[in-house]
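What follows is calculated from the coordinates using simple rules that are stated; it is not laboratory data. The model shown is predicted, which means the values in this text are computed figures rather than measured ones. Ideal geometry is used to build each Cβ from the backbone, glycine not excepted, and the neighbour counts take in all protein chains shown.
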Amino acid sequence: MDEIEKTEKRLRDLYPRVFKLMDKGKYFVVVAFDEPYFLKVYSMIREQEMKIGRWTDEDEKVYQFFQKEDE
């Protein structure tokens, strides 16, 4: 495995959802955690993902981390 392949693997491990969308050729929006609307957008994503049963315990841990940071 060359350096480019190693780098892509690390990035895919870090950002699996981004790569899933890219692999499907879908457009997506990136919202940085320091944007004032970040938590609002994240909450909307959480609500939808919970409705369709794709929100995991790990997703919730990350969400709660940012929720606490906002307090």
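Other residues with beta-carbon under 13 Å from the beta-carbon of residue 50 carry, at +1 per Lys or Arg and -1 per Asp or Glu, a net charge of -2. When a/c is below 1.5 the answer is rounded, else prolate if a/b is larger than b/c, else oblate, so apply that to the chain with a ≥ b ≥ c taken from the square roots of the Cα gyration tensor eigenvalues. Prolate is the answer for the chain, as a/c is 1.5 or above and a/b outweighs b/c. Sorting the segments 4-13, 59-68 by their residues' average number of neighbouring beta-carbon atoms within 10 angstrom, most packed first, yields 59-68, 4-13. In the chain, if the dipole is taken from +1 on Lys/Arg beta carbons and -1 on Asp/Glu beta carbons about the Cα centre, which of 53, 66, 18 is farthest to the positive end? So the residue we want is 53. Sorting 40-53, 22-35 by average packing, meaning the other beta carbons within 10 Å per residue, from highest down gives 40-53, 22-35.
Basic side chains Lys and Arg get +1 at the Cβ, acidic Asp and Glu get -1 at the Cβ, and with that the dipole of the chain about its Cα centre reaches some 360 debye. Near residue 68, which aspartates and glutamates are there with a Cα under 14 Å away, not counting those fewer than 8 places off in the same chain? Straight-line reach from residue 68, under 14 Å: 34, 60.
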